[in-house]
Amino acid sequence: MQEPRGSDCVVKRRVYNALGQVTPPIRNVVLVTPEAEPFYRKGGLGNVCGELAAALSRAGLTTHLVTGWYESMQANPPPCIEGGVSCSVAIGPRKYDMSVLRGVYNGVTHCFLSIPGLIREAYEGSSPLDFALALCEGAFRAIESMVHLGLMERPDILHAHDWPTALVPVFLRAKYGNNPVFQQTASVLTVHNAKHMGGWIPGHRFPELGISGEHWPNLEQPGEPDKFCLLRGGVRYAHKLNAVSRTNREEMLTPFGGFGLERDYLERANDFAGIVNGISYDEWPSITPEDKARAKTELQKQFGFECRKQIPLLGMVARIDKQKGVKLAAAVIGRLLERTKGGLQFVYLGQGHPMDPYAVETSASLDMLAQRWPRNVRFVRSYSTAEQKAVFRAIDIFLYPSEFEPCGTRPVVALRHRVPCVVTRTGGLADNFTEYNPITGEGNGWLLEAPREDELERAIERALALFKQRKHWARITANAAAADHSWDRPVHEYIRLYAEAAETARNKR
């Protein structure tokens, strides 16, 4: 295998060496996910899966990604899509016709499952079990068909992501383990958000999984003997587990972060990794201080703010969800604006589900804040990449006072744009951020010990005080930009995890 050339040759050589050293060797990886950039994204999961797949391909693995072909994609299909594979798939007592559309992007073969009437939109339009069965059964049938047609090699690893694909490890062990296509395949499950489990499925639907009753105890919902849990099945059957940060892994072993499955995570502790997500440096290029100053002025003009570099511009980019502490941030920003008589500016970019009471109430609070301070506050109901880039390039301080945060890629994107952050000490935020120390000049932000208004207010006050000190501000923004949050290190760790999963699977055969 040829080694890569270019400026990042040293890092990539280490990954290539890892490929040659693992036993058994890992060559073919299939990611199964409900969403992936650039074709379909509902949130951070889509960012991570698309970028991870591309990073694995750059590292030398043959990488496929299986996801849904959703109705919102069909009106404007990606130009790289080519002719598909047709087959049937049994889901519960019924058989469906399925088409598998294929397209190559960033070295990754994306395989889109089209099952008319069953796969409509991710997470919407059907029950969680129907959606999960369509993705997981469809993935196995698609892979099997493409292997038989010579369109791909037998997979070494099936890498499932979150509850919609948590049945992949279950089916591999309980249903497809003797299939020649999957006899040498191991599974990995990454839990991106342990709170979301796919709901509690009534026990009378268990036969639709097509596995014997002996597997019921491993899927049974804790404390609910007549219901079962998709995520629990994946946790118990995957050859290796992964959380998206080291601290979040530790939290998931406790009631705080396990959300009822902490005993299962604890039982699998020896097979449980914590790999921090990277971000795409191609998608999020670095920025110079001069370009940042110009971007700030442009955004201030666009939003009708006072154009002064001396006034701190704070920002927040997140979906409107209780987890993210949005209402908390709005309340504190309102008080600080009153106290400073408009001495700061604030931009919020994001939106919530229209049926979520928290999102509706918080959106109303943000609207009222913007009406009260039209020259200081702007609420933008969007989550587009273009608008995110404009905000990150312009702001001085980023807020992310989450109740819990498995990884937290938006604050890492902020660091890439020379923006120090106010964050809660939890999950991936605890891994990626340290409080700035004015004596040593170390640190890249300000940390809350708990997501409370008083904690957030004090942290923002520390940030605003430092903003006025030119020497310290230059140091903390340089610290923010200096850290390596690319995919180079995580992809190396994933390759190691895949090798360990393959070894575990081989020992259990």
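Side notes on the structure shown:
- Qualifying residue in region 191-205 (condition: within 15 Å of Leu31 (Cα to Cα) and surrounded by 18 or more Cβ atoms within 10 Å (Cβ to Cβ)): yes
- Subset of region 244-267 that is in contact (Cβ under 8 Å) with a residue 40 or more places away in the chain and among the polar types (S, T, N, Q) - its residue that is farthest from Phe433 (Cα to Cα): Asn248
- Residues within region 308-352 that are touching a residue at least 24 places away in the same chain (Cβ under 8 Å) and either within 24 Å of His192 (Cβ to Cβ) or among the acidic types (Asp, Glu) (or both), tallied: 20
- Extreme residue, surrounded by the fewest Cβ atoms within 10 Å (Cβ to Cβ), among residues of region 116-167 that are of a type in the set (Gly, Ala, Ser) and more than 21 Å from Thr190 (Cα to Cα): Gly150
- Looking across region 106-141 at every residue that is of a type in the set (D, E, K, R) and modelled with pLDDT of 95 or more, the one that is nearest to the chain's Cα centre (by Cα) is identified as Glu137.
- Subset of region 414-457 (residues that are in contact (Cβ under 8 Å) with a residue 24 or more places away in the chain, part of a loop (DSSP other than H, G, I, E, B), of a type outside the set (Asp, Glu) and under 21 Å from Gly257 (Cα atoms)): Arg425, Thr426, Ala450, Pro451, Arg452
- Condition check for Ala293 on (1) outside any loop (DSSP other than H, G, I, E, B); (2) closer than 30 Å to Val491 by Cβ; (3) not assigned by TED's automatic domain parsing to the domain that holds Tyr494: one failure, at (2).
- For region 353-365, residues that are touching a Gly at 6+ places or on another chain (Cβ under 9 Å) and touching a residue at least 24 places away in the same chain (Cβ under 8 Å) total 5.
- Pick from region 487-505, criterion of a type outside the set (Lys, Arg) and surrounded by fewer than 19 Cβ atoms within 10 Å (Cβ to Cβ), ranking: nearest to the chain's Cα centre (by Cα): Glu493
The values are calculated or read from the model by the stated rules, or taken from the named source; none is laboratory data. Treat the numbers as computed from the prediction; the structure is a model and nothing was measured. Neighbour counts run over all protein chains shown; Cβ positions are idealised from the backbone, glycine included.
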